[in-house]
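No lab work stands behind these numbers, since they all come straight from the coordinates. Bear in mind that the values here come from a model prediction, so they are computed numbers and not experimental data. Don't worry about glycine lacking a Cβ; one is built from the backbone with ideal geometry, like all the others, and counts go over all protein chains shown.
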Amino acid sequence: MTFAQRCCFVAFRSCAPTALLVLGLLCGGEPLRADDAVADDSQSEEIREVTRTSSAEVRIARTLSAETALKAPDHTLSQALRMLADRHGINIVLLPGVSEEELIKARVSVTLEGIRLRSALGILLQDVDGQALDFVIDQEALFIGPRTEIEKRHSLRVYNVKPLLGPGVTAEDVARVVTELVLPEGSRKATALGSHVIVSHNKYVHQATLETLNRLVRNSAAEPPEAK
């Protein structure tokens, strides 16, 4: 059984089709070469994203995992979000589909401690005038809006797939598996470059891609040697 066949057999059962589109081989506005010195932990036993982004976007991504606290017993959602933004030094931009007036109209009553900023935002945005909002990092800011708008904001990400490579398994094989397991029919293929796979799409597709790749790593590690 080939690598692609094993991966399809194990992962397809729990991997829902999502859209994937490779728009090119540019990362952070610069050409990406196979020998580029991106952050590469080749000894890691999990797939990692190694995309080069601006220092501001890296800081925001790390801040989302930082612990926060919020006491807003009777505030507008706009005030609560501003409190978090000021506390962590993050710029917030509203996408079409949500207005400042809606955030002022919506009221919240929360007391949060010892919680990650990402989770705190999820709690605040879970129901705004009957719809759930989400957020995405883009252009050195945190964009907030409906999922339909978040889906429109694409970013290019590079994944170090070295933990999956070995005798008879190349990055091209992994890119093909990503295409078969994550892409709906008719989408353009993922691209391999060196020991990396390049994907350009929205945050939901990137989440599905990373989850699928790491599921394959775990399955590969669990297989007996003769099965590989």
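Summary table
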read-out: Surrounding net charge for ILE137, when Lys and Arg each add one and Asp and Glu each subtract one, Cβ distance under 13 Å; value: +1
read-out: The stretch 59-150 shape via C-alpha gyration tensor axes, a/c threshold 1.5; value: oblate
read-out: Amide hydrogen neighbours beyond the local backbone of THR51, cut-off 5 Å, H modeled; value: VAL158
